[in-house]
Amino acid sequence: MYHIEVRHLKKYYEVHHKAPGFWGSLRSLVRRETRTVRAVDDISFTVAPGEIVGFLGPNGAGKTTTLKVLSGLLYPTAGEVRVLGFTPHERQPAFLRQITLVMGQKQQLLWDLPAIETLLINKAIYEIPDDEFRRTLDELTELLELGTLLTKQVRKLSLGERMKCELAAALLHRPKVLFLDEPTIGLDVTMQAKVRQFIAEYNARYGATVLLTSHYMADVAALAKRVIIIDHGHLVYDGDLETLVQQVAPYKVITVTLRQSVSPSVLKPFGHVLAANGVKVSIQVPRGTTSRVAARLLQEFAVDDLTIEEPPLEEIIQHVFTGGIREASPDVA
Amino acid sequence: MWHKWWALFRAGWGNALAYRAEIFIWMLTGTLPLVMMSVWLSVAGGEAVGSFQPADFVSYYLGGIFVRQMVGVWIVWDLERAIRLGELSPKLLRPINPIYEYMAENLAAKPMRLPVLLPLLVLGPLLYPGAGYELSPANVLAFLVTLALAWLLYFFIQYCIGLLAFWMSQATSLWQAWFHLWLVFSGYLIPLDLFPPLVTRLSAWLPFRYTFALPLEVLMGRLGGTVLVHQVAIQVAWVLFFVALYRMLWSRGLRRYSAVGA
Ligand SMILES: Nc1ncnc2c1ncn2[C@@H]1O[C@H](COP(=O)(O)OP(=O)(O)O)[C@@H](O)[C@H]1O
Ligand SMILES: [Mg+2]
């Protein structure tokens, strides 16, 4: 049984545009000129219970649109979508009680009241019993380090504080399926790390299924084993994040700090020299030979320090978008 | 369901408290009936006009302020905005129809108006001899029922027009147009009994008077017996009509909702 099933999903937007000025608006009265935006154009995938999947793609790829269809906000143009066995756009209460959608923006919190008021409304609307409400609230307060934030007027909270309260409001009913759209956007690095950690803990504690989009590759790398990459509404990769890294970037980067500087040409035989700033040198070497090359470097030079790293994820994703994916994922139709 | 209503109410009340100054100022803009009242009093010059004695004008327009404020709904702008800018999305994610939230918010702000409005109903009869209302228990009950139905009808009419924002960008202009008709055919500006008979009869079949004049005429004791029953029947029919229309517009509109926003 899958928690999320998407088959040949399409979502097209009809955009009306009218020529500027008076005559433009007059003409558009007679004949509406519309343009079709194919935001999601035939994608299929499934997600198993308890999985965390990173949903990646450049701006305008169709990620948000997909999440909105999955959470029942949008009717699909074509295709079939099931979440927990429900058809999302029917918006049955039993379905809505088990999911949540978090977007990194002003959302459900009542602006002029303390966040606790929104939580109390949700308690009633989601029919959460008193003791369960207490327990969940305590847990969320602990996990999100809410402290006294809930009793402050929402408009007076900082962006990061508000995001934490939004998360609390979105998770109070302990949804089984979480759709998180850029949950860390605009937050500072420490706050990002905290939210990330929270998502991991929520997933571990409740076995919730998470579909997550993020600009910050650190979010994805930390949380998701599996990634789905879309571009222009098409699926370009669906699989293991590690496999993707190995296939798209079949190399690693060795950085050594030498006791004394050497000429780059001496290092040529070891691999592609990326940077050589005095004693600090970065060399790109094929994945399979990394340990051999490292051993030779240690043998032939006086080395103070040596690290082996994956290339940055940003670079890899970029590579996927610019066409490096074909040879990378034979399993994608 | 009772719990949910109560929670939504509480929040609506909190919101109304946060905006109490604005609400008060809005109420001041609803004083046109006072102007109309003084116009009629000077026109009448102590004589009756049609079926209206001078004192009746006082009862009518002061009571009119009360009815108007109790029936008034101002959600068309919120709703249009919510649809156009995607602010409806968080409401759609909750397992409760957003209409209940809008209803509760509107109702929760009503009690805030009472401290200003109730004195008006008392003051008129005190200051103007002959002015007053029919306060027998049965009539008060009839008044409260027709008032509640008037609110419901007004709410659903406005909600339906607001939902047109799924299809068009001019929903609030349409509301403005509707409201101009309302000013005339509801009896808000001029008592419907003082119009030419043809207009009076026409207005009895249109929805407008059932959102205003009906409860007001009941309060003044101008309606009773079979006429009252007949009137309430028409009022209920209009409510049912607009509830049905709402259901259709809502389910079709959601298909077109584009959930704008990040
Ligand atoms: N409500 C809307 N109306 C019209 N076009 C839209 C709407 N929402 C998104 N789009 C368009 O659909 C495409 C996909 O957008 P989106 O799903 O937001 O992508 P992403 O989240 O991956 O950045 C973009 O071209 C965007 O401009
Ligand atoms: Mg997006």
Just to be sure before I move on: is B:Ser173 within 14 Å of chain A (Cβ to nearest Cβ) and either more than 16 Å from ligand 2 (Cβ to nearest atom) or over 26 Å from B:Pro54 (Cα atoms) (or both) in the structure I sent? yes
Does segment B:108-131 include one or more residues that are more than 23 Å from B:Tyr61 (Cα to Cα) and assigned to a helix (DSSP H, G or I)? yes
Give the residues of segment A:65-97 that are within 20 Å of the chain's Cα centre (by Cα) and either open to solvent by 40 Å² or more (accessible area, probe 1.4 Å) or away from ligand 1 (no atom under 16 Å from the Cβ) (or both), sorted by residue number. A:Val83
Set A:Thr243, A:Thr257: member being at pLDDT 85 or above, farther than 17 Å from A:Glu182 by Cα and in contact with a Lys or Arg (Cβ under 6 Å, 6 or more places away or on another chain): A:Thr257
Hey, can you tell me all the residues within segment A:141-174 that are farther than 13 Å from A:Met191 by Cβ, open to solvent by 10 Å² or more (accessible area, probe 1.4 Å) and not in a loop (DSSP other than H, G, I, E, B)? A:Thr141, A:Glu142, A:Leu143, A:Leu150, A:Thr151, A:Gln153, A:Arg155, A:Lys156
Residues (within 16 Å of ligand 2 (Cβ to nearest atom), among the aliphatic types (A, V, I, L, M), touching a residue at least 60 places away in the same chain (Cβ under 8 Å) and within 14 Å of chain B (Cβ to nearest Cβ)) located in segment A:48-106: A:Ala61, A:Leu67, A:Val69, A:Leu70, A:Leu74, A:Leu101, A:Val102, A:Met103
Quickly run through segment B:1-27 and pick out the residues that are of a type in the set (A, V, I, L, M), surrounded by fewer than 18 Cβ atoms within 10 Å (Cβ to Cβ) and at the interface with chain A (Cβ under 7 Å from one of its Cβ atoms). B:Ala18
Count - residues of segment B:205-246 that are farther than 23 Å from B:Ala138 by Cα and surrounded by fewer than 17 Cβ atoms within 10 Å (Cβ to Cβ): 7
With respect to A:Glu51, is the statement that it is within 18 Å of A:Lys176 (Cβ to Cβ), among the charged types (D, E, K, R) and under 23 Å from the mean Cα position of the chain (by Cα) true? yes
Scanning for something away from ligand 2 (no atom under 16 Å from the Cβ), among the basic types (Lys, Arg) and within 14 Å of chain A (Cβ to nearest Cβ), does segment B:253-260 turn up at least one residue? yes
How many residues, within segment A:238-285, are open to solvent by 60 Å² or more (accessible area, probe 1.4 Å), in a helix (DSSP H, G or I) and of a type in the set (A, V, I, L, M, F, W, C)? 1
Considering only segment A:107-126, state which residues are open to solvent by less than 20 Å² (accessible area, probe 1.4 Å) and either more than 7 Å from every other protein chain (Cβ to nearest Cβ) or in a strand (DSSP E or B) (or both). A:Leu109, A:Ala115, A:Thr118, A:Leu119, A:Asn122
Suppose the filter is within 16 Å of ligand 2 (Cβ to nearest atom) and in contact with a helix residue (DSSP H, G or I) (Cβ under 8 Å, 6 or more places away or on another chain); does A:Leu211 pass it? yes
Identify, please: which residue in segment A:48-61 is among the small types (Gly, Ala, Ser) and open to solvent by less than 10 Å² (accessible area, probe 1.4 Å) and is, among those, nearest to ligand 1 (Cβ to nearest atom)? A:Ala61
Could you check segment B:99-121 and list, in sequence order, the residues that are more than 11 Å from chain A (Cβ to nearest Cβ) and within 30 Å of A:His89 (Cα to Cα)? B:Ile99, B:Tyr102, B:Met103, B:Asn106, B:Leu107
Take segment A:213-237 and flag every residue that is touching an Asp or Glu at 6+ places or on another chain (Cβ under 7 Å), within 14 Å of ligand 1 (Cβ to nearest atom) and not in a loop (DSSP other than H, G, I, E, B). A:Thr213, A:Ile228, A:His234
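The values are calculated or read from the model by the stated rules, or taken from the named source; none is laboratory data. All of these numbers come straight from a predicted model, not from anything done at the bench. Every residue, glycine as well, gets a Cβ built from its backbone with ideal geometry; the counts of neighbours run over all protein chains shown. The area values use the complete protein model at the heavy-atom level, side chains included, leaving out ligands, DNA and RNA. Shrake-Rupley method; radii C 1.70, N 1.55, O 1.52, S 1.80 Å.
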